[in-house]
Amino acid sequence: MTQSVPEIFGSKVFNQTEMKKRLPKDTFKELMKTIEEGKPLNIKIANAVSHAMKEWAIEQGATHYTHWFQPMTGVTAEKHDSFIHPTEDGNVVMTFSGKELIKGEPDASSFPNGGLRATFEARGYTAWDPTSYAFIKNKVLCIPTAFCSYTGHALDKKTPLLRSMEAINKQALRILKLFGHDEVISVKTTVGPEQEYFLVDQKYYEQRKDLIYTGRTLFGANSPKGQEMEDHYFGTIKTRVQNFMDELNVELWKLGINAKTEHNEVAPAQHELAPVFSTTNIATDHNQLTMELMQRIAKRHGLVCLLHEKPFDGVNGSGKHNNWSLSTNTGLNLLEPGETPYENAQFLLFLCAVIKAVDEHQDLLRLSVATAGNDHRLGANEAPPAIISIFLGDELTEVLEAIENGTGYNGKEKEYMRIGADVLPKFKKDSTDRNRTSPFAFTGNKFEFRMPGSSSSIAGCNIVLNTVVADELEKFADVLEAAPDFESALNALIQDTIKSHKRIIFNGNGYDDSWIEEAQKRGLLNLKTTPDALPYFVKEENVKLFEKQHVYSKEEIESRYEVLIEEYVKIINIEALTMLDMAKKEILPAVTSYSKSLADTILSKKAVCESMDTTYETAVLKQTSELLKEAYEAVNVLSESIDQMNALSDFEKKANFVRDDLLSKMAALRKPCDELEVIVDEKDWPFPTYGKLLFGV
Ligand code: ADP
Ligand code: MG
């Protein structure tokens, strides 16, 4: 590398520096107003920006542009158009107008839209999101956009995310006004997503249909070694993996993505990358790009990056910790306990809004991370349970208890915590960060939502988080604005909130079975699977909430529900079909040939001498034959179950059938096959084992 990191950083991004350099002063100022304050953009400014953007992109070697958007598929979409424009003399010029920058019109009919297609026009349009910078990827100028139907219904993940950010901005500003912060003009939520992933050797990957079609192994016996030695977490990074990480970092930096931390994770072949946090919208775009680049760059190193939540049974799965906070345009973190009593009161109010929001909307938070892949993690003994609870740490919990009871804090008599009069004790980050089993943990100056799956867009969970907190802030602001005495109203509000919602606070071990019982006693929801969780989305109270906060309309929720439940069914259907394919075409034939070689050996040994010992061959042959029969029967049973599912009339029924029947039939096929893998000669086994996949890089 000849260039230094600061030189490389953002070199492929049309960022503020580049805009300032290339735009007339007035245009730049107008654009900044749009970016920072959400002011609408007029066409004159758009024309100036598009011209500057194009000139810059061409200098960078770009020939095409695209409206880059995030449909409901969970991956990003792009359709490239070149800048060329034919001239009368048969030549071309490179053009890019303000209109082309602001709006695109891709055909929306081939993206999942859960029924919006049927009732509305198929055409969709993409609209420039000036709050996320344009960038260059493979000679293409990518313009981050929102994707809507012609009737204005959101067809993507960005539109509702932006709406939810606006909702929380509005309500947080009201609260800040009450605390005298007139200087603050915007509040944005911030996110730093920690991305977990696996790397496997491409040559092994290519021999496994399950990895190719579904991103996870559907068969596979545990290798003799797993993660029990705990030697992988933070271990030395292998050269090939390090080379991958180095290249990835450079490519991310060029795109202005603050890749910061990299390390080995708990499972063999598992790793993590964390960026420095940014505003939620940008963090979401950047996380999508990070996942895309991880997969592309891995290939250059003969590796495949697995983003699935559970690529391997028996070792840890992958999540995406969503670190979340609120930040003002003046640089204040609203979840940072302050230096003065007044700041502390403000901190406590925001904290209470989050506590209340999480307690009242456990269902929405849970369903925002519900996918077929994540069902393997949540509730299993490695990821947070499917029950939502908040970890605050002992110190903060004690403070809240003291406030609730009006008693002394820290056991010290007479030292009452008076909101707005006392300074909170300084929390050491260490004391709040130790709990790793909580799904929603306060970590000193932010909350860490640990349930999201590794492959999902973080838009989903942040839309919910922003909306539910916005709604509580709105209720708080309503009360406080109307109160004759602000301070006593504030005290009462904080005290009441703690009293009514403390059941959601749990500082113990979330992996412990006793917690499940305890949570049930507290009346907390335990939505174990995706089909259990998703129907809560369309509940009347939730529809009302999203409508009130202008995040989703009723139609949008219904369509999204349909998309999500359909996606769940389709994913499991593909997995089941892949299992049948592998069992019928690979595993059963391989076992048959192996059995034949055993039988042949027995016969030839007996032919040499009738009394020749064949105990081993006979025993193994008997065992393989029994397991082969079991596997064959399981194939037929699974096949039947798939047919039964497909005969059902709607996706909700299908999803429930998957949960109640199909999944157990898949497990029943896997079991004898994995047992066979352990017995059959390794050279006869049709695909690479866990040992090779997990330790073969
Ligand atoms: P950990 O101990 O979990 O590694 P870190 O402090 O290193 O915790 O942070 C993890 C992630 O949280 C990083 O992506 C970091 O940028 C992000 N983060 C830190 N502060 C904030 C904040 N105020 N808002 C959102 N994310 C944050
Ligand atoms: Mg973390």
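Nothing in this text is a laboratory measurement; each read-out follows from the coordinates by a stated rule. This structure is a prediction, so every number in the text was calculated from the model and none was measured. As a convention, Cβ positions derive from the backbone with ideal geometry for all residues, glycine included, and neighbour counts pool all protein chains shown.
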On a 0 to 90 degree scale, rounded to 10, what angle separates helix 341-360 from the longest Cα axis of the chain?
-> 40
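Sort 539-551, 461-473, 653-665 by packing, meaning the average of other beta carbons within 10 Å per residue, with the highest value first.
Details: 539-551: 16.6, 461-473: 26.9, 653-665: 19.2.
The packing order, highest mean first, is 461-473, 653-665, 539-551.
Roughly speaking, what is the stretch gain from residue 514 to residue 243, that is 0.36 nm per residue apart minus the C-alpha to C-alpha distance, in nm to one decimal?
Numbers: separation 271, 0.36 × 271 = 97.56 nm, distance 4.44 nm.
So the chain would gain 93.1 nm between residue 514 and residue 243.
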What ³J(HN,Hα) values, in whole Hz, does the Karplus curve 6.51 cos²θ - 1.76 cosθ + 1.60 give for the range 435-448 when θ = phi - 60°, with x put for Gly and Pro?
-> 6, 9, 9, 7, x, 8, 10, 7, 10, x, 8, 6, 9, 10
Net charge over other residues, Cβ less than 15 angstrom from the Cβ of residue 163 (K, R count +1; D, E count -1) = -1
Cα-Cα P(r), the chain, percent of pairs per 20 Å interval = 16, 46, 30, 7, 1, 0
Intensity falloff of the range 513-641 expressed as log10 I(q)/I(0), Debye formula with alpha-carbon point scatterers, at q = 0.12, 0.13, 0.16, 0.22 Å⁻¹ = -0.75, -0.79, -0.93, -1.17
Which one of 111, 270, 385 is farthest out on the positive end of the charge dipole of the chain, using unit charges on Cβ (Lys, Arg +1; Asp, Glu -1) and the Cα centre as origin?
-> 111
Can you give the Rg and Dmax of the range 5-155 based on its C-alpha atoms, in angstrom?
-> 16.3, 51
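Filter 103/157; 54/99; 33/137 down to the pairs with a C-alpha to C-alpha distance above 24 Å, please. Working shown, then result.
On the way: 103/157 17 Å; 54/99 13 Å; 33/137 27 Å.
Over 24 Å apart, Cα to Cα: 33/137.
First measure r as the distance between the Cβ atoms of residue 85 and residue 646, then evaluate 1/(1 + (r/R0)^6) with R0 = 60 Å and state the FRET efficiency to the nearest 0.05. If you can, show how the numbers build up before the last one.
Details: r = 50 Å, r/R0 = 0.83.
That gives a FRET efficiency of 0.75.
Can you compute the charge dipole magnitude of the range 5-155 about its Cα centre, using +1 on each Lys and Arg Cβ and -1 on each Asp and Glu Cβ, nothing else charged? Give it in debye, rounded to the nearest 20. Write out the running numbers ahead of the final one.
Working: 17 positive and 17 negative charges, 61 e Å.
Here the size comes out at about 300 debye.
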Please list, in chain and number order, the residues 5+ apart from residue 155 or on another chain whose amide H is under 5 Å from its amide H, with Hs placed from the backbone.
-> 147, 148, 149
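Taking 35 Å as R0, compute the FRET efficiency from the Cβ-Cβ separation of residue 585 and residue 539 and round it to 0.05. Let's see the in-between values first.
Details: r = 44 Å, r/R0 = 1.26.
Once rounded, the FRET efficiency stands at 0.20.
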Give the residue from 27, 85, 72 lying farthest towards the positive end of the charge dipole for the range 5-155; charges sit on Cβ (+1 for Lys and Arg, -1 for Asp and Glu) and the dipole is referred to the Cα centre.
-> 27
Could you work out how far the C-alpha centroid of the range 538-565 sits from that of the range 293-340, in angstrom?
-> 27
So what's the convex hull volume per residue for the Cα atoms of the range 567-695, in Å³?
-> 106
If 85, 271, 181 are placed from fewest to most neighbouring beta carbons inside 10 Å, the sequence is 85, 181, 271
To the nearest 10 degrees, how steeply does helix 663-679 sit against the main Cα axis of the chain, on a 0 to 90 scale?
-> 50
Dipole in debye (nearest 20) - the range 157-253, about Cα centre, beta carbon charges: Lys, Arg +1; Asp, Glu -1 | 560
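For the range 250-336, which chymotrypsin sites (Phe, Trp or Tyr not before Pro) are in a loop by DSSP, counting at most 12 other Cβ atoms within 10 Å? Before the final figure, lay out each step's value.
On the way: sites: 253, 277, 312, 324; in loops: 277, 312.
Sites meeting the loop and neighbour criteria: none at all.
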Using only Cα atoms, tell me the angle between helix 394-405 and the longest principal axis of the chain; keep it within 0 to 90° and round to the nearest 10.
-> 50
